[in-house]
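Just below is one structure, and these are the notes that go with it.
The values are calculated or read from the model by the stated rules, or taken from the named source; none is laboratory data. The structure displayed is predicted, hence computed values, not measured ones. Neighbour counts are summed over all protein chains in view; Cβ atoms, including those assigned to glycine, are modelled from backbone coordinates with ideal geometry. What goes into the accessible areas is simple: the full protein's heavy atoms, side chains included, and nothing from ligands, DNA or RNA. Shrake-Rupley method; radii C 1.70, N 1.55, O 1.52, S 1.80 Å.
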Amino acid sequence: MSFLGLLSYVSVLVQICFVIVSIAAGLYYLAELVEEYTVIAKKAIRWMVAITAGLYVIFIFTEPFPWPMLLCGLGAQLLHALILTDFPYVRFLSPGFLGAVLLLIVNHYLAFVYFQLQYHTFSEILAYFTLCLWLVPFALFVSLSANDNVLPTSTNERTHLLGGNDDVVTNYFSSRKKMGLLSLFSYAKETLLPERNKKAF
């Protein structure tokens, strides 16, 4: 192997690192946007759900997709709309969330089986997976950080927070663990990147 061939492997590794950093920075920015504008994010995700459901309806008339794959996709969009009723709260053990995850897995399996048996170009397969399977779950995944800073609204949650301390907001933010995507990126930034010392002049 020539030296230039060896350098090509090194350049591929550098390019992969750049792509990973770019994706992480983009996800961090999107998570901050969703956290700042939860109402707009909910409307955008609702439009994504409606457009994806519309694509499945169009597929009924234009593509020879099997009925289980189409019904699974439409059912997943219905469950995504159900998840949005409590947005920005996402309850991981709710029937809507668990059903959406199950239908996502089943729909991936049905799509892999169908595209193995029927020839389609790579761009068509990628279009189906991107727009019909990944777009809405990815948007919901990015929006998980939005419920980190949402104040409690239910009476039970409020009375639990008032136990001995009258400052509801301070008690809520100090006692609650943040578990969203933005918190994960902040933790990674604090642990992986060194702290810069400010120079005193």
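Structure notes:
- For the stretch 105-145, the fraction of C-alpha pairs farther apart than 15 angstrom is 47 percent.
- Rounded to whole numbers, the Karplus 3J(HN,Hα) couplings from phi for the stretch 62-70 are 10, 10, x, 5, x, 4, x, 5, 5 Hz, using 6.51 cos²θ - 1.76 cosθ + 1.60 with θ = phi - 60°, and x at Gly and Pro.
- Segment residue 24..residue 92, full-extension length gain: 22.1 nm, with 0.36 nm per residue of separation and the alpha-carbon distance subtracted.
- Rounded to whole Å, sorted largest first: equivalent-ellipsoid semi-axes of the stretch 56-146, Cα gyration tensor: 26, 13, 11
- Each Lys and Arg contributes +1 and each Asp and Glu -1, all at the Cβ; summed about the Cα centre of the stretch 1-154, the dipole is approximately 180 debye.
- Residue 22 accessible area, assembled protein chains, probe 1.4 Å, Å²: 80 Å²
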